[in-house]
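Written below as structure tokens is the structure these notes are about.
Please treat every number below as a calculation from the coordinates, not as lab data. Note that the coordinates shown come from a computational prediction; the quantities given were computed from them, not determined experimentally. Note that we place each Cβ from the backbone using ideal geometry, even for glycine, and neighbour counts take in every protein chain shown.
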Amino acid sequence: MIGPGTTIRGKITGDEDLDVEGRIEGSIRLSENLKVAESAVVEAEIEARNIDVSGKISGNITATETVEIAADAVVVGDITTPRLQIADGARYKGKVHMDFDLPGADGKSSSRRR
């Protein structure tokens, strides 16, 4: 955990969950989950499995599973994820890229002939 009175500048990498209540400037790359608390301010490029945002993020976000943005959160930056939840009241500015397989994308038609 990065506490509310802590500021970190630089690159953070890890294989465990990370809870942020303070400030981060730089980049975050995790193989597990990131939680950004209401009091947190993150100015970073972020990569993680799941990202739960209740605070403020400025920077591009990539999640391999899901991004959840809470009602009071502020996010500025592009998001790449297969699943995204944005609560009513959240503020978001950026582009969303959702990568998933489309039915029939293998060149076969998904419709049946009668």
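The figures follow:
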| item | result |
| --- | --- |
| Answer from ASP52, ASP101 - the residue that is in contact (Cβ under 8 Å) with a residue 12 or more places away in the chain and of a type in the set (D, E, K, R) | ASP52 |
| Single unsatisfied condition, ARG91 versus (1) under 16 Å from VAL20 (Cα atoms); (2) out of contact with any Asp or Glu (no Cβ under 8 Å at 6 or more places or on another chain); (3) not hydrophobic (A, V, I, L, M, F, W, C) | (1) |
| Contacts under 9 angstrom Cβ, first residue in segment 8-35 being closer than 15 Å to THR64 by Cα, partner in a loop (DSSP other than H, G, I, E, B) and of a type in the set (Val, Ile, Thr), 6 or more apart | none |
